[in-house]
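This report concerns only the one structure given below.
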Amino acid sequence: MIFYGDGLSLWVYKSFTKHCKYQMIVENNKVVSLSYELKVNGETVETVGADSPLMFLFGAGNLLPKFEKNLDGLKLNDSFDFELVSADAYGPVNEDAIVDVPMQAFAVDGEIDRNLLKVGHHIPMLDQSGNRLNGIVVKFDDEFVTMDFNHPLAGNDLHFSGKVVEIREASADELEHGHVHSPESCSNCTDPDCHSKEH
């Protein structure tokens, strides 16, 4: 609308634009911070508070696609409450991911660390291609350790409820590297393709 000397109309226009500020929403290339509670079968398995929220670059492919889809378009302080069926989360339990590993694979200088081999313990390992895997000790005997390399939440429906606690523009470096930069994330970064320490 164009005003030609109409003082009243100009005042109304300025008053309107003053109170209609742009409100950022959850969308691609925004850094989003969430507080949330995760429940599996009605039991709380994880709680993330607003004082130490989950912070991520939306649309960068770092989180479950259906998780992000349920957040798309939300605004600051909006609440969310949704469920992801296992097929949209970490998939079904893959029996082929439960394997017997020779006991000698856990030897260090020829000695087996018996404190490490406890049922339920998470043990980081490398496959033959050098890929990092996290496994859970299922059972063991004198010859083999049965390890479960499924995601701990595989086979479960996930119920999320929480709140959007912050939305901001991503920096050029964050967009280039595909993840959020913070003093903690950069100091512990092991991604060989990330050059955030150089900036």
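Some observations on this one:
- Screening the candidates Asp100, Asp72 for the property of being outside the structural domain of Glu169 (by TED's automatic domain parsing) and either at pLDDT 95 or above or under 19 Å from the mean Cα position of the chain (by Cα) (or both) yields one hit, Asp100.
- Tally, over region 63-107, of residues that are within 19 Å of Ser161 (Cβ to Cβ), among the hydrophobic types (A, V, I, L, M, F, W, C) and without any contact (Cβ under 8 Å) to a residue 24 or more places away in the chain: 1
- Residue ranges of strands (runs of 3 or more DSSP E) in region 106-199 with at least 2 members modelled with pLDDT of 90 or more and more than 22 Å from the chain's Cα centre (by Cα): 132-140, 144-148
- For the condition in the same structural domain as Glu43 (by TED's automatic domain parsing) and on the phi < 0 side of the Ramachandran plot, Ala60 qualifies.
- Residues (over 15 Å from the mean Cα position of the chain (by Cα), acidic (Asp, Glu) and under 21 Å from Asp88 (Cα atoms)) located in region 21-64: Glu27, Glu43
The values are calculated or read from the model by the stated rules, or taken from the named source; none is laboratory data. Keep in mind it's a predicted model, so treat the numbers as computed, not measured. Using ideal geometry, Cβ is built from the backbone for each residue, glycine included, and neighbour counts are taken over all protein chains shown.
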